[in-house]
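S.K.: Structure incoming, see below.
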Amino acid sequence: MTAPPAAGATADAAPAPRAGGRRPGLPPTVRYLGGRVLTALVSLLAVMVTSFFLFRVLPGDPVTALTQGRAVTVEQLEAMRRDFGLDQPLPQQFLDYCLGMLTLDFGTSYQYRVPVSDLILERLGPTLLLAGTGTLIAAVLGLVLGTRAGWRRGSVMDRVDTGVALTLWSVPSFWLGLLLIVLLASGAGLFPTSGMSTPGVTGPLNVALDVAHHMVLPVATMVAVVYAQYMMIMRSSLVDEAGADYLTTARAKGLRDALVLRRHAVPNALLPTVTLIFLNLGRVVSGVILIETVFAWPGLGSLFYSGLRVPDLPIVQALFVVFAGSVILMNLLADLVYPLLDPRVRT
Amino acid sequence: MSAAEAPAAGAPASRRGLAWARRRRALAGYARAYAANRGGMAGLAALLLIAAAALAAPLFIGPGDLSITDAPGGRFDPPGAGAPLGTDAYGRSVLDLVVWGARISLTVGFLAAFVSVALGTLVGVTAGHFGGWAGNVLMRVTDWFAVLPALVMAVALAAVMTRSTLTIIIAIGVTAWPATARVVRAQTLAVEARPFIERARALGGGHAHVMLRHVLPNVMPVVLAQTTLLVAEAIMMEATLAFLGLGDPATVSWGGIIQDARTAGAISSGIWWYMVPPGVAIAVVSLAFTMCGRTLESVLNPRLRERQ
């Protein structure tokens, strides 16, 4: 898991009287932070390079794909290639791509003819809304159920909860989504089958209600498939704590079982869980692709999928970097948050 | 365990025989511990049943039954006498399709898990054994692969290469190995710290000897459990890629059937028998592998066994 800061571990929590750690000058926290940030930047660079070369080998020529079924002259094709920069030699294209990335200019989409950064900004909101709501509900549900199951490990409730969670975890999310559409949307007509909003709805309250109505099925699908991992993490880390001496002490003091759990066991068991939740968060953004495809949710996932078909190089390249970048960012945050949460790592 | 008895003078069997007897005893102990777990046994039984059905499929499903042009049934026949689970858009029996799909799903699942576990074990053991500069570089490469989102990466790879089952296996294998590499490296470090490795070195064992004869056998239990869990993941990924239309169009797979059902409009017209069976099949197989993997893990890892 996330390594505790080995470099800064030698210094005290109060470094002032000791006149610094091994290396005078830089406080250990700064060196720890700097190291983590540097590692993250190197990873991001590697991802950018991968993204460029990975998608250059995509079969199919974007220009012919875009002009399919239309009578075009050779001159027009050449002009399009020139517009897209595809007539340049590969090293030149790579240089342009790198320079563009540095200024957050991801180029212009081949199919929509708008800057990719605008497209991403436009689609980011829906994806974050869906992924955020889903993760929040799944994490809370998972933590509550995991605590319940881990504290009464081996009980009937534990077995039932674990069994249900593992079964749902084994269900393909796209299939569950389709099933929910059949049963509740096109069948019972309780929810809309796709999209994020109904055209013609006005007023802030109505729009919010409309979006919430559209969100029910995608979020339910996501939560059902995903909550098991949060639950299993919480359960096993609570089980890890179960034999600890401080719990025996707490019980010996005469604390009620519920208090022992809430005040002593859960805070300690939460530490590894929170780290793992952060590590998972980065994957959520790319994991939502499938759900967006099934429910035609106008987010980054469906944008990526539509870009892959052309292939719309600027879109897929940029989104690959965004998806991988969110994993890197969350890993970094997990590394940075851990010392704040766990004083034992700090000292 | 019984290693102390081995050097006793006048031991009845050869050294090799003793070693085998010890292994047999250990294996029998694991088998007993495994059999005591009901979930694990249920998973194993389900897997054996499905594997048998997949292997026997060619005996009762002819090529004509799966042909798009001259399948026996009518279009979208509801479940009935001829086809217990109804027929699809081309008149093929959905039951036949699902049974046939098990062949692809299991093959891809096993091979992809094998590819990624082999790769992960190689990298993990090497990085753990050599440590230092080389190990660091290997782990940095692993970290970099671990950051790439698996689904996005697999989708991209499957789109880049020709559409075939092999492509799917490679795409899954290449994206899933970093987790194994990390687990194996941690285990290798733990094993290498133990005194018998030092003894082997002192007796003149080289890198290859230590890695193959001492580290690998001790890492294998972890790897085995990891493989079982990975198969479930690989089957899910295969179905996902096939559902996204990136699978081999010529083969019948569970994800592909769901995709076909979706494009044929089964969703809106309520033809549930076209869509439900393949999804249930994926869920059952993936759950069975997960149960087996978790049970194996708890049997082979004494720390986990105590907790159960």
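S.K.: Quick one: net charge around B:Ile168, please, counting Lys, Arg +1 and Asp, Glu -1 for every other residue with C-beta under 11 Å from its C-beta.
M.R.: Details: positive: B:Arg163; negative: B:Glu238, B:Asp248.
So the environment of B:Ile168 carries a net charge of -1.
S.K.: Follow-up question, since we're still on this one. Once you list every other residue whose beta carbon is under 15 Å from the beta carbon of A:Leu329, what net charge do they have if Lys and Arg are +1 and Asp and Glu are -1? Please report the intermediate quantities before stating the final value.
M.R.: Working: positive: A:Arg36, A:Arg283; negative: A:Asp335, B:Asp143.
Here the charged neighbours net out to 0.
S.K.: Suppose we keep just the alpha-carbon trace of the range B:103-159; what are its Rg and Dmax in angstrom?
M.R.: Taking only Cα atoms of the range B:103-159, I get Rg and Dmax of 14.0, 44 Å.
S.K.: Exactly which trypsin sites (Lys or Arg not before Pro) in the range A:215-269 are in a DSSP loop and have at most 16 other Cβ atoms within 10 Å? Please list the in-between numbers first.
M.R.: Numbers: sites: A:Arg235, A:Arg251, A:Lys253, A:Arg256, A:Arg262, A:Arg263; in loops: A:Lys253, A:Arg256.
Those satisfying the criteria are A:Lys253, A:Arg256.
S.K.: At R0 = 51 Å, how high is the FRET efficiency between A:Val114 and A:Leu26 if r is their beta carbon distance? Nearest 0.05 is fine.
M.R.: On the way: r = 45 Å, r/R0 = 0.89.
So, using R0 = 51 Å, E works out to roughly 0.65.
S.K.: Here is a follow-up. Run the dipole for the range A:157-281 about the Cα centre, Lys and Arg Cβ at +1, Asp and Glu Cβ at -1, nothing else charged, and hand back the magnitude in debye, nearest 20. It would help to have the intermediate numbers written out before the result.
M.R.: Details: 7 positive and 7 negative charges, 65 e Å.
Charge dipole, the range A:157-281, about its Cα centre: 320 debye, nearest 20.
S.K.: Please check: in the Gaussian network model of chain A (C-alpha springs, under 10 Å), which one of A:Glu78, A:Glu241, A:Glu292 has the largest mean-square fluctuation.
M.R.: A:Glu78
S.K.: Now for a different question. Counting residues in the range B:180-308 as N, plug N into 2.2 N^0.38 Å and put the Cα Rg over that result. Don't jump to the answer; show the numbers that get you there.
M.R.: Working: Rg = 21.8 Å, N = 129, 2.2 N^0.38 = 13.9 Å.
This ratio for the range B:180-308 stands at 1.56.
S.K.: For the range A:192-233 and the range A:142-177, what is the centre-to-centre distance using only Cα atoms, to the nearest Å?
M.R.: So the two Cα centres are separated by 22 Å.
S.K.: Using only the alpha-carbon atoms of chain A as identical scatterers, what base-10 log of I(q)/I(0) does the Debye formula give at q = 0.11 Å⁻¹?
M.R.: -0.94
S.K.: Between B:Ala193, B:Ala232, B:Ala134, which gets the highest mean-square fluctuation from a Gaussian network model of chain B, Cα cutoff 10 Å?
M.R.: Of B:Ala193, B:Ala232, B:Ala134, the most mobile in the Gaussian network model is B:Ala193.
S.K.: Here's something else I'd like to know. Enumerate the helices in chain A for which the Kyte-Doolittle hydropathy averages 0.0 or more and the C-alpha atoms extend at least 27 Å along the helix's axis, using complete DSSP H runs.
M.R.: Values: long enough: A:28-56 (43 Å, 1.27); A:116-151 (49 Å, 1.18); A:204-241 (48 Å, 0.93); A:266-295 (39 Å, 1.57); A:313-341 (41 Å, 1.97).
Span-like helices, by this rule, are A:28-56, A:116-151, A:204-241, A:266-295, A:313-341.
S.K.: Given Cα positions, please report Rg to Rh for the range B:100-198, the hydrodynamic radius being the Kirkwood one.
M.R.: Details: Rg = 15.7 Å, Rh = 14.5 Å.
In the range B:100-198, Rg relative to Rh is 1.08.
S.K.: Mind giving me the FRET efficiency for A:Thr133 and A:Ser197? R0 is 25 Å, r the Cβ-Cβ distance, nearest 0.05 is fine.
M.R.: Values: r = 15 Å, r/R0 = 0.62.
The pair A:Thr133/A:Ser197 has a calculated efficiency of 0.95.
S.K.: Top mean-square fluctuation among B:Ile50, B:Ile197, B:Ile258, Gaussian network model of chain B, C-alpha springs under 10 Å?
M.R.: Highest fluctuation among the options: B:Ile197.
S.K.: Turning to a different aspect of this structure: Nearest 0.05, what FRET efficiency do A:Leu102 and A:Asn206 give at R0 = 30 Å with Cβ-Cβ as r? All intermediate terms of the calculation are to be shown ahead of the outcome.
M.R.: Details: r = 42 Å, r/R0 = 1.41.
That gives a FRET efficiency of 0.10.
S.K.: Given the rule -39500 (n - 2.57) for each run of at least 4 DSSP H residues, summed and divided by the residues of chain A, what is its mean residue ellipticity at 222 nm, to the nearest 500 deg cm²/dmol? Could the numbers behind the result be given before it?
M.R.: On the way: 13 runs with 236 residues, N = 347.
It lands at -23000 deg cm²/dmol.
S.K.: Follow-up. Non-local amide H neighbours of A:Thr108 (under 5 Å, H modeled in plane, Pro and chain starts lacking H): which ones?
M.R.: Under 5 Å from the amide H of A:Thr108 lie the amide H atoms of A:Val116, each far enough along the sequence or on another chain.
S.K.: Can you quote the Å³ per residue value for the convex hull of the Cα atoms in the protein assembly as shown, rounded to an integer? Walk me through the numbers before you get to the answer.
M.R.: On the way: hull volume 157.5 nm³, N = 655.
About 241 Å³ per residue, rounded to a whole number.
S.K.: Could you work out how far helix B:150-160 tilts from the main Cα principal axis of chain B, as a 0 to 90 degree angle to the nearest 10?
M.R.: Its long axis makes an angle of about 60 degrees.
S.K.: Moving to a separate point now. For the range B:37-307, compute Rh as the Kirkwood radius over C-alpha pairs and then the Stokes-Einstein diffusion coefficient at 25 °C and 0.890 mPa s; write the answer in µm²/s, rounded to an integer. All intermediate terms of the calculation are to be shown ahead of the outcome.
M.R.: Details: Rh = 20.4 Å.
So the translational diffusion coefficient is about 120 µm²/s.
Just so you know, all these numbers are worked out from the coordinates, no wet-lab data involved. Worth saying up front: this structure is predicted, and the values here are computed from it rather than measured. Don't worry about glycine lacking a Cβ; one is built from the backbone with ideal geometry, like all the others, and counts go over all protein chains shown.
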